[in-house]
Amino acid sequence: MPLALLSVSDKTGLIDFAQGLVKIGWQLVSTGGTSKVLRTAGLAVTEVSDLTGFPEILDGRVKTLHPAVHGGLLARRDDPEHMKVASQHGISPIDLVAVNLYPFQATAAKRDANVAAVIENIDIGGPSMLRSAAKNFAAVTVVVDPQDYPRVLATLEAADNDVELRRLLAEKVFSHTAAYDGAIAKWFAGERSEEFPDRAIIALDRAQTLRYGENPGQRAAFYSEGNGNGLAGLIQKGGKELSFNNLLDLEGALLATDPFSDETCCAIVKHTTPCGLATGSSTLEAYRKALACDPVSAFGSVISFTVTVDAETAEAVSSLFVECVVAPAFSDDALEILVRKKNLRVLAGRADWNHGELDYKRVRGGFLVQERARPVAEIGGWAVMTKRTPDDGERINLQFAWRAVASVKSNAILIARDGATIGIGAGQMSRVDAAFLSVHKARLAGHETRGAVLGSDAFFPFRDGIDQAAEAGITAIVQPGGSVRDKEVIAAADEHGMAMVFTGQRQFRH
């Protein structure tokens, strides 16, 4: 009678799986809580301690770390010498192992988790059994994911010696234990406040395969960090499958509205950078103001809202060709309107960052890793550098401009008034070109630039950007400062009667 060792923290699907095994003639071996659950279901179970002849000790810390277990898993069935040694020592082959591990990640993530509780949830015996079984996949079936129970059971019922399935299950084991160990290592690094340990282990779960990458011909997939947060936590309410570029633009759109989470805000994003961003008293007002910035570029965009979208706004959005709309929620009427457009992807939820998450950028042969950008500096910490101080209206618009420019690709210049962008110059090789482009885009859309304010993500290296802004009638500028020519730049602002404030915080976004 073949032996199946079942020892699981997650009991999902366990009873049906165990009953199926017994029905086709398997003997069940189990430990602790798992054996109790199986017995309660009326199944006959052999305790691991009966198999090993040694009791569980040290509050269950030691129960499966025994030659009778690992010998039964690792013995090669096709090696007569292995089987002879196993027989001499009374070791029975174990042909199936179903194990999932103590919930370390969930325990460590609790706000009130203490060190002792976290340490006790570091599984030792479970990974050891999984690895032994996976190493001997030629003979042993190993299951770490309860979703695989039906497939495994169907294969056993059919008496199908499916080596490729066992190989796949072994692959899942090693990726699972690697991620588990990575989470433990990350926790230890966090305990000593080390953001950048000697070795960084990044564990990702494939959330979905994609039709192609940035361009047809490039294979692609979306991997998540497996915690249900971020883009993977959004719920798609309608529209076709998300693409690689949709996901990139969704990140850009959410990044644009993040600084305005306490207001009603709309961001319209194209190629990961805003072509319009605005706040308003309603979602419809915010949308219309954002769209007015650059209605031509808004075609085929991704739109993000910070609050629930109503039917009136949905009607307005549906009149434009849009790839995706994301918001914390949609009214029932709004959702009904938006899902009529079969190609419009509608996503609901809050795709927040986890506290303390790092930012990774791929380069050849490695990753650049950095802290996430600090929250945008508030106006109270700014320094007025010019003879003229911004008036109250300018201060409000400067605060908006400084928040908004944070999501624009560098070199970034943004012109704003009345809680809305009216011209954006993004991703230029020189700052004066970005300033020129922002003015050009504003005028192209029919906006009056005189009396507006300007935000720059980094310092002006020369006065030419200030002169460009002055020619357009800009009255106030917010920028980080820090150039060796700051005095020259400030003098240019004074010369044009402009107000200028320094934030002391650069906001590059490459």
How big, in percent, is the set of alpha carbon pairs in the range 231-348 lying more than 17 Å apart? 46
Give LYS36/LYS110; LYS110/LYS186; LYS270/LYS441; LYS110/LYS237; LYS237/LYS342 a once-over and call out the pairs whose C-alpha atoms are over 21 Å from each other. LYS36/LYS110; LYS110/LYS237
Give the order of SER49, SER243 when sorted by the count of other beta carbons within 10 angstrom, beginning with the fewest. SER49, SER243
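In a shell of Cβ-Cβ distance under 11 Å around ALA278, excluding ALA278 itself, what net charge do Lys and Arg (+1) and Asp and Glu (-1) give?
Summing Lys and Arg as +1 and Asp and Glu as -1 gives 0.
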Give or take rounding to whole Å, what are the principal axis extents of the alpha carbon atoms in the range 379-502, in descending order? 32, 31, 25
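Mind jotting down a quarter of the surface of the convex hull over the alpha carbons of the range 3-191, in square nanometres, one decimal?
Projected over every direction and averaged, the Cα hull of the range 3-191 covers 11.2 nm².
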Check: C-alpha center the range 154-201 vs C-alpha center the range 226-280, spacing in Å is 31
How much length would be gained if the chain were fully extended between ARG219 and MET1, taking 0.36 nm per residue of separation minus their Cα-Cα distance, in nm to one decimal? 73.9 nm
What FRET efficiency do you get for ARG61 and ASP160 if R0 is 41 Å and r is their Cβ-Cβ distance, rounded to the nearest 0.05? 0.60
Sorted by Cβ density within 10 Å, fewest first, the residues ASP467, ASP123: ASP467, ASP123
Over all directions, the range 124-254 yields a Cα convex hull whose mean projected area in nm² is 12.1
Please give the Cα centre distance for the range 429-461 versus the range 62-100, rounded to the nearest Å. 72
Loop GluC sites (Glu not before Pro), the range 341-408 (other Cβ atoms within 10 Å of the site Cβ: 15 or fewer; DSSP): GLU357, GLU378
Counting pairwise Cα distances across the range 189-232, what percent come out greater than 18 angstrom? 51
Hey, what angle do you get for helix 283-293 against the long axis of the chain, alpha-carbon based, 0 to 90 degrees rounded to 10? 60
Each label sits 7 Å from Cα toward the beta-carbon; between GLU488 and VAL384 the label points are separated, in nm, by 2.7
Once the mean of 1/r over all distinct C-alpha pairs in the range 46-103 is inverted, the Kirkwood radius in Å reads 12.4
Please list, by residue number, every one of the chymotrypsin sites (Phe, Trp or Tyr not before Pro) in the range 300-351 that is coil in DSSP and has at most 15 other beta-carbon atoms within 10 Å. PHE321
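Counting Lys and Arg as +1 and Asp and Glu as -1, what is the net charge of the other residues whose Cβ lies under 10 Å from the Cβ of ALA98?
Taking every Cβ under 10 Å from that of ALA98, the sum is -2.
Under the definition of Cα pairs under 8 Å and six or more residues apart, what whole-number percent is the relative contact order of the range 384-506? It would help to have the intermediate numbers written out before the result.
Numbers: 282 pairs, mean separation 34.4, N = 123.
Dividing the mean separation by the residue count of the range 384-506 yields 28 percent.
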In nm², what is the average projected area of the convex hull enclosing the Cα atoms of the chain? 29.8
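No value in this document is a laboratory result; all are computed from the given coordinates. Bear in mind the structure is a predicted one, so any value in this text is a computation, not a measurement. Counting neighbours? That spans all protein chains shown, and the Cβs are built from the backbone with ideal geometry, glycine included.
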